[in-house]
Amino acid sequence: MDPFVAVALSMLPASRSRVAATFKELRLQSDPGSDIAADDVLEAVLEVCEIPEDERRGAMQVARSRADAALVAARVAGIEPLPWDDPRYPALLSCIPDPPPLLWVRGDADTLARPTVAIVGSRAATPYALDVAYRLGQELSDRGVVVASGLARGVDSAAHRGCLGGTAATVAVLGSGLDRIYPSEHQALAREISDKGLLVSELGPGAAPLQEHFPLRNRIISGIALAVVVVEASEKSGSLITARCALEQGRDVLAVPGSVLSGRNRGSHSLLKDGAKVVESAVDILEGLGWPMPDAPLALPSKLLISDNLLARMESGEVYRLDELMELTGVTGTKLLTRLMELELAGLVTQSGSGFSRRLVT
């Protein structure tokens, strides 16, 4: 798809989630690999979003003009548009009900193909929560797991810094344009993340960090991750929105227990009461996902290669997109990607920007 079409879609005067869901439906109804004319897409989305007919032509012209300006601003700022059908667009995110038609990225977009866990929590975090978030970020990073969060004050920034202190990359999902870092005191952290990982937003260059952007941002944090870990959340914490998105998207939700002497952890403890797994270290997270531990001996008998439903449907040397494997196996995206990560850690599957392939085993 021409990135211009996706950019223009993001500029329409309609609910972002509604635009995203409508666009996904249009793509599913179209022939694979085919391009949809820009005007056809824009008009169809405006119609579904109930924009009055006499206002649609003007809305399309404004969206086109704003899209041109956004692409120019992005080139100047070193920001790249990543449309929904780009091979580097995160496979897990494309499976949610309302994936953004495109993502704006700065950094290494291939980071989005790596196994990812989100860590979120309080902005006004206690020293305990900051220490835990940093440690979890570093422990996951040292095991090759990307950590995603929202670049916010408190737990988010601690998780990013912990991941940067390890060996893997980190992904920061913003509620503003990538040229308007928020909060402003995280400018240096954002630069380090873009150098060693990736900055992501569905908002184009120049977009302000408005309050209504952050709940929508949270669905992307959970959408690119296999699991969400909540560290220190009160009953009204925004991180509970991310946890709710994760549950709706079929992701695992885990939480770190905290003190009962204040209300700072009531949201986290509520998640634990509802069945979230207790997290004390990265080992708990990986075990909760069913991943083999990197430092543990991995024994995969040859009969597993024959009986495994996924491997049995993958021809050696062929590259498969996630949606193709979902169709072949009948397994949902989250469960399928978890299994693919297990097989990759076992050395049986490799992945690239274009998809997954089975290794030849001798």
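The values are calculated or read from the model by the stated rules, or taken from the named source; none is laboratory data. Quantities reported herein were computed from a predicted structural model and do not represent experimental measurements. Virtual Cβ from ideal backbone geometry, glycine too; neighbours counted across all protein chains shown. Ligands, DNA and RNA are excluded from the accessible area calculation, which covers all protein heavy atoms including side chains. Shrake-Rupley method; radii C 1.70, N 1.55, O 1.52, S 1.80 Å.
Quick notes
- Under 17 Å from K335, Cα to Cα: aspartates and glutamates that are on another chain or at least 8 residues apart: E248, D252, E287, D308, D323, E324, E327, E344
- Net length available on complete extension from A73 to V283 is 71.3 nm, with 0.36 nm assigned per residue and the Cα-Cα distance removed.
- Computed lengthening from S259 to E50, 0.36 nm per intervening residue step minus Cα-Cα distance: 70.4 nm
- Equivalent ellipsoid of the stretch 79-121: semi-axes from √(5λ) of the C-alpha gyration tensor, largest first, are 16, 14, 11 Å.
- Taking N as its residue count, the alpha carbon Rg of the stretch 119-263 over 2.2 N^0.38 Å: 0.96
- Taking the protein heavy atoms of the chain in the context of the full set of protein chains, the accessible area attributed to carbon and sulfur is 50 percent at 1.4 Å.
- Considering only Cα atoms, the convex hull volume of the stretch 42-118 works out to 113 Å³ per residue.
- Fraction in percent of alpha-carbon pairs per bin - 10 Å, the stretch 178-282: 14, 37, 35, 14, 0
- Local electrostatic count, Q138, Cβ distance below 14 Å [Lys/Arg +1, Asp/Glu -1]: +1
- Using a probe of 1.4 angstrom and keeping all protein chains present, the accessible surface of the stretch 35-122 works out to 44 square angstrom per residue.
- Value at 222 nm in deg cm²/dmol, rounded to 500, when DSSP H runs of n ≥ 4 in the chain each add -39,500 (n - 2.57): -13500 deg cm²/dmol
- On full extension, the segment bounded by A188 and K335 gains 49.3 nm, given 0.36 nm per residue less the C-alpha separation.
- Interatomic Cα distance distribution for the chain, bins of 10 angstrom, percent: 5, 25, 32, 24, 11, 2, 0
- For the chain, share of DSSP beta bridges that run antiparallel, in % to the nearest 5: 40
- Filter on K196/K277; K196/K273; K236/K277 - keep pairs with C-alpha separation over 28 Å: K196/K277; K196/K273
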